[in-house]
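Undergrad: Quick one: structure below, then a few questions.
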Amino acid sequence: MTARKGLERKIAQLPGVAGTSALDHSYAYVGPDLQDIFGIDASTFTNGSSLRDSYFTGGTATQMLSRLRTTKDGVIVSKETITDYSLQLNDLLRLRVLDQRTGSFRIVPFHVVGVVQEFPSAPRDSFMVANLAYLQSVTHDPGPNVVFVKASGDPAALARRVAAATAASGASVKDIVRQNAQTASSITTVDLRGISRIEEIFALLLAAGAMALFVSVGLAERRHELATMAALGASLRQAASFLWSEAALVLAAAVALAALLGWLLAVMLVAMLQHVFDPPPDHLAAPWPFLGALAGAAIAGGLVTAALAALAVRRLPLGAVLREE
């Protein structure tokens, strides 16, 4: 959407807007290659959008914005361009940009300050990111022509309000919900949420059932030991405490081992599929609600079965059990 005529300020005042950032989308020649170039204000860009560390190579998103902010003629170049032209950090890069005042291309010096792989609204192939003020000073563009808007509520509802407020200016509005729907309609996209729900339910039942089975088997194997303890004067509560303590130790060890193995497996899978994700993840995302439910299911299964086992200990036919061989 165009940001001219003060539309960014108008959009920022709409209800449901958490932040905005304006940028200038233009084009520049790198040698014979025409590439997209985005002029941004590195100080305020994250007000209306977000950047992930995996978008960049050789530094975090914060570091890249800091380099760009402190280098007036800095430019962050796509990885493909870095490879094609054997560029390195701080190299001088001369770009041909269109001067809107004269209508002709002019050669403008930039210095490489970083490498980028992904960027909001950027194409998948080669592109560049520069400082908005410097880019406008050499292109004489009348103003930014794109505004990113961060929603505090429903993005689709906010997009409708933005479209209504900017209709007179001929702005084109796109929201993240519609974009996700277009992406999900791709023939290569598979929605695994249904399968994952089934697997989560199965894991919860398996955890509870495993603890219940362990306590039940422990009671069946130790009937003679428990009866002997009771015959020697131990109370049934003391005898049952052996089942409780054993179940607690096994549950604690199982949780620790499962956490370690799960973390190692996740790290291995992410490393193996690093080139499948676009962009790759910055870090592992732990499903804490599900993990909490999984631990709760295991604890609940152990507690319920241990309580039933304690009742079974009280009803043990001590004489008959002690006569068993």
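Undergrad: Within segment 271-289, track down each residue that is modelled with pLDDT of 80 or more, in a helix (DSSP H, G or I) and not aromatic (F, W, Y).
TA: Answer for segment 271-289, where residues must be modelled with pLDDT of 80 or more, in a helix (DSSP H, G or I) and not aromatic (F, W, Y): just P289.
Undergrad: Looking at segment 59-71, which of the residues that are assigned to a loop (DSSP other than H, G, I, E, B) and closer than 14 Å to V129 by Cβ is modelled with the lowest pLDDT?
TA: It comes out as G59.
Undergrad: Does A42 satisfy the condition of being surrounded by 15 or more Cβ atoms within 10 Å (Cβ to Cβ) and outside any strand (DSSP E or B)?
TA: Yes; evaluated as a whole, the condition is true for this residue.
Undergrad: Which pairs do you get when a residue that is farther than 14 Å from L303 by Cβ, found in segment 240-256, comes within reach of a residue that is charged (D, E, K, R) and assigned to a helix (DSSP H, G or I), reach meaning Cβ atoms under 9 angstrom, with the pair 6+ apart or on two chains?
TA: From segment 240-256, the pairs are F242/E225.
Undergrad: What are the residues in segment 74-101 that are within 14 Å of Y29 (Cα to Cα), in a strand (DSSP E or B) and open to solvent by less than 100 Å² (accessible area, probe 1.4 Å), if any?
TA: Selection gives V75, V77, S78, L93, L95, R96, V97, L98, D99.
Undergrad: Within the set of pairs 6 or more residues apart or between chains, which connect a residue that is more than 24 Å from R52 (Cβ to Cβ) inside segment 98-127 to a residue that is open to solvent by 40 Å² or more (accessible area, probe 1.4 Å) and basic (K, R) with Cβ atoms less than 6 Å apart?
TA: D99/R106; F105/R96; I107/R94; I107/R96; P109/R94
Undergrad: Can you tell me which residue in segment 6-28 is nearest to A157 (Cα to Cα), limited to those that are touching a residue at least 60 places away in the same chain (Cβ under 8 Å) and open to solvent by 60 Å² or more (accessible area, probe 1.4 Å)?
TA: Residue satisfying both the conditions and the ranking: P15.
Undergrad: Would you point out the residue of segment 138-169, among those that are closer than 21 Å to G39 by Cβ and assigned to a loop (DSSP other than H, G, I, E, B), that is modelled with the lowest pLDDT?
TA: Looking at the filtered set, the residue picked out is G143.
Undergrad: In segment 47-73, how many are free of Cβ contacts under 8 Å to residues at least 24 places away in the same chain, of a type outside the set (A, V, I, L, M) and crowded, with 17+ Cβ neighbours inside 10 Å?
TA: Adding up the residues that qualify gives 0.
Undergrad: Another question about this same structure. Kindly list, by first and then second residue, each pair from a residue in segment 195-211 that is closer than 11 Å to A298 by Cβ and free of Cβ contacts under 8 Å to residues at least 24 places away in the same chain to a residue that is open to solvent by less than 100 Å² (accessible area, probe 1.4 Å) and in a helix (DSSP H, G or I), limited to pairs with Cβ atoms under 9 Å and residues at least 6 apart or on different chains.
TA: If the second residue must be open to solvent by less than 100 Å² (accessible area, probe 1.4 Å) and in a helix (DSSP H, G or I), the pairs left are L206/A297.
Undergrad: Which condition does G31 not pass, out of (1) touching a residue at least 24 places away in the same chain (Cβ under 8 Å); (2) under 21 Å from A159 (Cβ atoms); (3) open to solvent by 30 Å² or more (accessible area, probe 1.4 Å); (4) not aromatic (F, W, Y), if it passes all the others?
TA: Failing condition for G31: (2).
Undergrad: Also, I was wondering about something else. For F119, are the conditions met, namely being modelled with pLDDT of 85 or more, open to solvent by less than 50 Å² (accessible area, probe 1.4 Å), of a type outside the set (S, T, N, Q) and touching a Ser or Thr at 6+ places or on another chain (Cβ under 8 Å)?
TA: No: the conditions fail for F119.
Undergrad: Write out, first by first residue and then by second, each pair whose Cβ atoms fall under 8 Å of each other, whose residues are 6+ apart or on separate chains, and whose first residue, in segment 267-286, is surrounded by 11 or more Cβ atoms within 10 Å (Cβ to Cβ) and charged (D, E, K, R) while the second is in a helix (DSSP H, G or I) and at pLDDT 65 or above.
TA: Final answer for the pair search is D282/D53; D282/S54.
Undergrad: Among residues belonging to segment 151-170 that are in contact (Cβ under 8 Å) with a residue 60 or more places away in the chain and of a type outside the set (A, V, I, L, M, F, W, C), point out the one that is least open to solvent (accessible area, probe 1.4 Å).
TA: Top of the filtered list is T166.
The values are calculated or read from the model by the stated rules, or taken from the named source; none is laboratory data. Remember, predicted model here, so these are calculated numbers, not experimental data. Using ideal geometry, Cβ is built from the backbone for each residue, glycine included, and neighbour counts are taken over all protein chains shown. These accessible areas exclude ligands, DNA and RNA; they are computed on the full protein's heavy atoms, side chains included. Shrake-Rupley method; radii C 1.70, N 1.55, O 1.52, S 1.80 Å.
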